[in-house]
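Asker: I'd like to ask you about the structure that follows.
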Amino acid sequence: MFSLPLIYHYFIEPSQFRFPRFDFGIGIAFADMAISVLSLLFAVYILGHMIAYVSSVMIEKYIDTFFGKVSSAILLSSYFREKPKREIVSAWQFDRGKRAFSGGRKWQNLLRVLFHLPAFPLYALVQVIGGFDYYRSRVPHHVLFLAKKKIKAAGHGPVSLYTAWYKTLEYDVINNQPSATGRMYNYLVIAGLFRSLSFLFLTCIWMELYYFVHWWVDGELLLKPLMSDSKAIGTHIFSFAVLYVVYGTTFSSYMKFQRRYAEEAIFAYVLTKDGAN
C-alpha cells in the first residue's frame, strides 16, 4: 500500500490516468463496501509480491553479485583484526565484478548495473569514507572457527569464500532449532521490507531524473516535487536529495538485517547444544 502514493505521483497523475475503481454495483451498501475493500487488499497483495520479486532480482542479486553474499561478507570479516581494510574489500569487490561479467549471466548483471546507475555517486561516497559495515560482523573469530570445524566434521566440505557452505548450516538450524529460527525469521521479514523499499526509492530517483531531463529538453515541468506543491527548482533539488538519503538508509538497512539473519544462524549452529531448542 505504501507504493500506491508513489505510483499515483510518478505515473498516474502526470499521464492523467486514474486508478481502477473497485465498485461492483451489487446494490447492498455493506456488500459493496466489503467486496471493494477485499478486492483492493487482494490487488495490493499481488502488487506487494511483484515488488518483492523484482526487488530480489534488482537489489538482492545486485548485492550478492558485486558485494558478495552475506555469508561471504561474514567470512571476509574474519580476515580483519578490528575494522574492514579498504584494500581487502576493494580487491574482493573487484574480483566479484570481474566474475559477474565473465560468466553466463553478464547481460542480467549489466541490467542490474544500469538500474543502480543513479546510485553510483552514493556508493562511491561510501567507498571513499570507508563505510564498509556490510563487512563488519558481530560473529567473533573463534565462533567462525568452530563453525568451520563443525561443518567439516559433519562431512559437508570446507568453508571458504568460494564454497557453498552457508545453506547447509542454515537448513541445519531451521530443521533442528525452532527458537533460533523464530529470531532469524524476524530479521528476514525486516530485511525483506527494506529490500522492497530500496527498490521503490531507487525507482523514484529514476523517475525524478526522467522528469528533470524532460523539463530540461522541453522546458515543461510536468511533476511537482514528491513532498511539495511548489514546482520551483529548489524544491526539486531538495526532494531529490531526500530521496538519496532515504534510499541510502533503506539500502544499508537491508544489508544490515540480512547480515543479522545469517549471524543468528551461525551463532545458533555453533552455540546451541545438541538436542536443545
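Conditions tested, residue by residue: (1) at pLDDT 85 or above; (2) of a type in the set (A, V, I, L, M); (3) over 20 Å from residue 258 (Cα atoms).
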| site | (1), (2), (3) |
| --- | --- |
| 88 | no, yes, yes |
| 112 | yes, no, no |
| 142 | yes, no, yes |
| 152 | yes, no, yes |
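Asker: Determine whether residue 266 is at pLDDT 85 or above, touching a helix residue (DSSP H, G or I) at 6+ places or on another chain (Cβ under 8 Å), under 30 Å from residue 74 (Cα atoms) and among the β-branched types (Val, Ile, Thr).
Answerer: So residue 266 passes the test.
Condition check ((1) charged (D, E, K, R); (2) under 22 Å from residue 159 (Cα atoms)) across all residues:
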{"position": "65", "(1), (2)": "no, yes"}
{"position": "69", "(1), (2)": "yes, yes"}
{"position": "96", "(1), (2)": "yes, yes"}
{"position": "120", "(1), (2)": "no, no"}
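Asker: Now, a different point. Modelled with pLDDT of 90 or more, over 15 Å from residue 134 (Cα atoms) and touching a helix residue (DSSP H, G or I) at 6+ places or on another chain (Cβ under 7 Å) - does that describe any residue in region 22-40?
Answerer: For region 22-40, residues modelled with pLDDT of 90 or more, over 15 Å from residue 134 (Cα atoms) and touching a helix residue (DSSP H, G or I) at 6+ places or on another chain (Cβ under 7 Å): absent.
Asker: Could you tell me how many of the residues in region 257-275 are over 29 Å from residue 61 (Cβ atoms) and either surrounded by 19 or more Cβ atoms within 10 Å (Cβ to Cβ) or in contact (Cβ under 8 Å) with a residue 40 or more places away in the chain (or both)?
Answerer: Going through region 257-275 one residue at a time, the tally reaches 2.
Asker: Six or more apart or on different chains, Cβ under 9 Å: which pairs go from a residue in region 235-256 that's in contact (Cβ under 8 Å) with a residue 40 or more places away in the chain and in a helix (DSSP H, G or I) to one that's small (Gly, Ala, Ser) and surrounded by fewer than 17 Cβ atoms within 10 Å (Cβ to Cβ)? Could you list them?
Answerer: Correct list of pairs: 252/131.
Asker: A further question follows. Picking from 79, 162, 166, which residue would you name as being among the hydroxyl-bearing types (Ser, Thr, Tyr) and closer than 26 Å to residue 190 by Cα?
Answerer: 166
The values are calculated or read from the model by the stated rules, or taken from the named source; none is laboratory data. Source: prediction; values computed, not measured. Cβ sites come from the backbone with ideal geometry, for glycine too, and all protein chains shown count toward neighbours.
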